[in-house]
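First comes the structure, then the notes that go with it.
The values are calculated or read from the model by the stated rules, or taken from the named source; none is laboratory data. Because the structure is predicted, anything quoted here is derived from the model rather than measured. Note that each Cβ is placed from the backbone with ideal geometry, even for glycine, and that neighbours are counted across all protein chains shown. Accessible surface areas use protein heavy atoms only, side chains included; no ligands, DNA or RNA. Shrake-Rupley method; radii C 1.70, N 1.55, O 1.52, S 1.80 Å.
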Amino acid sequence: MTEQSDIPGDVLTVPEPRVGPRQVVYKDRYQHLYKVTADFGNFQKEYIVRDSGLRAGIVVVCEDSLLLVRQYRFLINGLSWEIPGGKVDEGETAESAAIRECQEESGLLCQELKPLVTFHPGLDTTYNPTHVFYTDKFVDTPRRHRDAREACEPVWVPLSRCVDMIFGQEISDSLSIISILSYRTLVDKA
């Protein structure tokens, strides 16, 4: 495989690997891990990949503020400030998953979503393509639609404060960081 880089005259040559079959190492309802070997001719590389499927998130805007929710996260053993988001269920589109996740986490039913950014959190060992949308169109639904097991404390936070929270390490979730900074870039270009 030969790719042209952005540097004039610079050509990268990468051998096309022969990729072996995926061997499932572990599987549950949220993810599965598999092992695969790529043979590059002169060397082999083994990958352990965590596949948790598609994910969706949503930046909900009201005037100059964004909706953030607090959720308990095991790896930090505490509450995390995040945008609403989560797994795209089988048979569901990323857009409908973003709407569902926001309603579960905040009680807001979002409408007229616009695509913001799509990204991969990892390109070697994590399969979790992530689609993020934004909207300023929503209706508040009765609180019975909010799932307390999903999140607590939905709060409107000014965009400038959200950015400060990222650089102050109060927001440390990659989905939220990428989404908030992408939205800010969109706003700055407008």
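Here are some notes:
- Once divided by 2.2 N^0.38 Å, the Cα radius of gyration of segment 100-190 becomes 1.18.
- All Cα-Cα separations within the chain were binned at 10 Å from zero, giving a P(r) of 9, 29, 30, 19, 11, 2, 0, each value a whole percent of the pairs.
- With 26 Å as the limit on Cα-Cα distance, the pairs of K137/K189; K35/K114; K87/K114 that go past it are K35/K114.
- Dipole of the chain [Lys/Arg +1, Asp/Glu -1 at C-beta], most positive-end residue of C102, L33, C62: L33
- Prolate/oblate/rounded call for segment 26-68, Cα gyration tensor, a/c under 1.5 rounded: oblate
- Three principal axis extents describe the C-alpha atoms of segment 18-120; from largest down they are 57, 32, 26 Å.
- Once the Kirkwood radius over Cα pairs is known for segment 58-106, the Stokes-Einstein relation at 25 °C and 0.890 mPa s delivers a diffusion coefficient of 208 µm²/s.
- Average accessible area per residue (Å²) across the chain - probe 1.4 Å, nucleic acids and ligands excluded: 61
- Global form of segment 67-143, assessed from the alpha-carbon gyration tensor, a/c cut-off 1.5: oblate
- For segment 92-141 versus segment 22-38, the inter-centroid distance based on Cα atoms is 25 Å.
- Approximating the spin labels as points 7 Å out from Cα along Cα→Cβ, the S65-to-S172 distance works out to 2.6 nm.
- Amide H contacts of Y127 (H built 1.01 Å from N, in plane; Pro and chain starts excluded): R50, D51, S52 sit under 5 Å, all sequence-distant by 5 or more or on other chains.
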